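Every number here is computed from the coordinates shown, using simple stated rules; none is lab data. From a predicted model like this one, the values you see are computed outputs, not experimental measurements. With ideal geometry, Cβ positions are generated from the backbone for all residues, glycine too; neighbour counts draw on all protein chains shown.
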Amino acid sequence: MANSILVTGGTGFFGCSLLDMIAGGCWREYHFTMLSRRAQEFAAVHPEYAALSNVEFISADARTPAACDRRFRYIIHAATPAVDSPDDAELYDIIVAGTDAVLEFARKSGAE
């Protein structure tokens with residue numbers, strides 16, 4: 001847990017920016033868990049990220065971050081549907097329920 005970071009939306013716009021920086025040598029002392037609804041598919045298409053020794057991909061929805069089943073020191077909540085355009089109710093649920101779930105997960109896990 002010492003230097004562990006959970007990133008929701010780990011394969012989205014912000015997550016990919018982080019992955020680019022990690023691939024460039026930034027934050028080698030941290031272990032990143034990239035949570036995404038289609039994490040395994042993303043990792044298969046981007047082997048350059050999947051090969052990073054301090055990055056792990058987990059397939060889960062931000063509304064259910066406890067699927068990671070571990071503790072993290074830090075959490076970066078960057079999940080929002082950008083490519084898929086769900087209807088307004090689903091979008092609202094993803095953003096609001098996702099944020100609520102991530103905050104609760106952070107509280108229970110003792111994340112900073």
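The table below gives the values:
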read-out: Matching residues, the stretch 101-112, being surrounded by fewer than 15 Cβ atoms within 10 Å (Cβ to Cβ) and either farther than 23 Å from CYS16 by Cα or touching a residue at least 40 places away in the same chain (Cβ under 8 Å) (or both); value: GLU104, ARG107, LYS108, GLY110
read-out: Residue that is surrounded by the most Cβ atoms within 10 Å (Cβ to Cβ), among those in the stretch 11-70 that are among the β-branched types (Val, Ile, Thr) and over 17 Å from ALA111 (Cα atoms); value: THR11
